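Here the structure is laid out as C-alpha cells; the discussion comes afterwards.
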Amino acid sequence: MAKKRAMSSVKASRVKIQGHKREKIFANLIGLSDEYKHDRKAKKDVIDFNGDAHSVKGGKYWQIFLYSRNRMEEDYGFKVMNGMGQLIADCLDVFPENRNEYEKKKQKYKDLLQEPMQKLCKKLQDKDRLKAFLSKAIFNGGEVQYLSIFEYKSDEIFIFYYKDVVEALANKFIVENSTARSKGQTPNQKVLFKYRINVGEIEVRNESDKHYRQIKFRLNSSLALEILKEVITTSYKPPVINGVTNTRITLYGEAIKKFK
C-alpha cells in the first residue's frame, strides 16, 4: 500500500460530509426516510427497518478506526480481547506526551516502536485472534450486522453479513510487519494485512498536534471488496427493497437470507 500524506482538516471535513451523504443515499435506497436512525460512535451508520445496523463504506480507503490512547482505555471490548487493547496501547506509549520532544528525536521513538509493533503483529497472526480483532474493529463485536459497500467509482452497492466478512478477510489475510525498503527507513513501524499485495495496515499517526499518538486501521476498498467477492460468491439482487424498486443493491452470502 502506497504511503499517503496526512489528510488536511479541510479534506477530512469533506470526506466526513461525503460519508453522511452516502449514508442518506443508502437509507433512501432501502426504504428509509432522511431521518434514518444511526449511532456512529457504535459504528451503526444506518439502522434499517428490522433494527439491524449497517456500517456504510465507500471511497478509495475505509478508515476502520482512528483511536487515541484514552479511547483505547475506555473501550472495554479491546481491553478484554486477548490483551489486544494493551498491545495497541503499548505501541502508543513509546511516544512522549509532548510532541515537541518526539520531533527532536524521531528516530529514537521509531526504534522503540519496533518491539510492541512486532508483538501486535504476532498476536494478529493467530487466525482466531485476527477474527476477534476484525469483528471488534469493523462491527463493534457483532453489534453491527452488515457491511454495506459503495463500490469505488461505481453506482453499485453490495451488502455482506458481518460473520461472512470476518471469515473471508481473516482467512485470506497474511499478517506481517512493515520492512525498511530504502536507506533511512525503519522496519516494524506498521502491521500489514496482505493478500498478494498490501490490503490494509495498522499504524501510529504522529504528523500533527491534532493527530498525535493515535492508532489508525484502514483498508483499501477495492482490494477488500475483491476478497469478499472472491470468497462469498453467492449473490442476489432483489427487485424491490421495502417498497423501493432496486437497481443498485446486491446481497451476498448470508445477507441474502438475513436482510429482508
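Some points to look at:
- Among the candidates 229, 260, the residue that is out of contact with any strand residue (DSSP E or B) (no Cβ under 6 Å at 6 or more places or on another chain), under 18 Å from residue 46 (Cα atoms) and not hydrophobic (A, V, I, L, M, F, W, C) is uniquely 260.
- The residue that is surrounded by the most Cβ atoms within 10 Å (Cβ to Cβ), counting only those in the stretch 29-45 that are assigned to a helix (DSSP H, G or I) and of a type in the set (A, V, I, L, M, F, W, C), is 29.
- Qualifying positions in the stretch 15-46 - within 22 Å of residue 137 (Cα to Cα), hydrophobic (A, V, I, L, M, F, W, C) and in contact with a helix residue (DSSP H, G or I) (Cβ under 9 Å, 6 or more places away or on another chain): 46
- Per the conditions (1) touching a Ser or Thr at 6+ places or on another chain (Cβ under 8 Å); (2) free of Cβ contacts under 8 Å to residues at least 24 places away in the same chain, the sole criterion not satisfied by residue 159 is (2).
- Leading residue by the ranking (surrounded by the fewest Cβ atoms within 10 Å (Cβ to Cβ)) among those in the stretch 207-257 that are in contact (Cβ under 8 Å) with a residue 40 or more places away in the chain and aromatic (Phe, Trp, Tyr): 212
- Only one entry of 76, 109, 67, 102 meets the criterion of being loosely packed, with under 15 Cβ neighbours inside 10 Å and over 30 Å from residue 242 (Cβ atoms), and that entry is 76.
- Selection status of residue 167, more than 15 Å from residue 221 (Cα to Cα), in contact (Cβ under 8 Å) with a residue 24 or more places away in the chain, not basic (Lys, Arg) and not in a helix (DSSP H, G or I): no
- Members of the stretch 204-250 that are in a strand (DSSP E or B) and among the aromatic types (Phe, Trp, Tyr): 217, 236
Here, each number is a calculation from the coordinates, and none is a lab measurement. Worth saying up front: this structure is predicted, and the values here are computed from it rather than measured. As a convention, Cβ positions derive from the backbone with ideal geometry for all residues, glycine included, and neighbour counts pool all protein chains shown.
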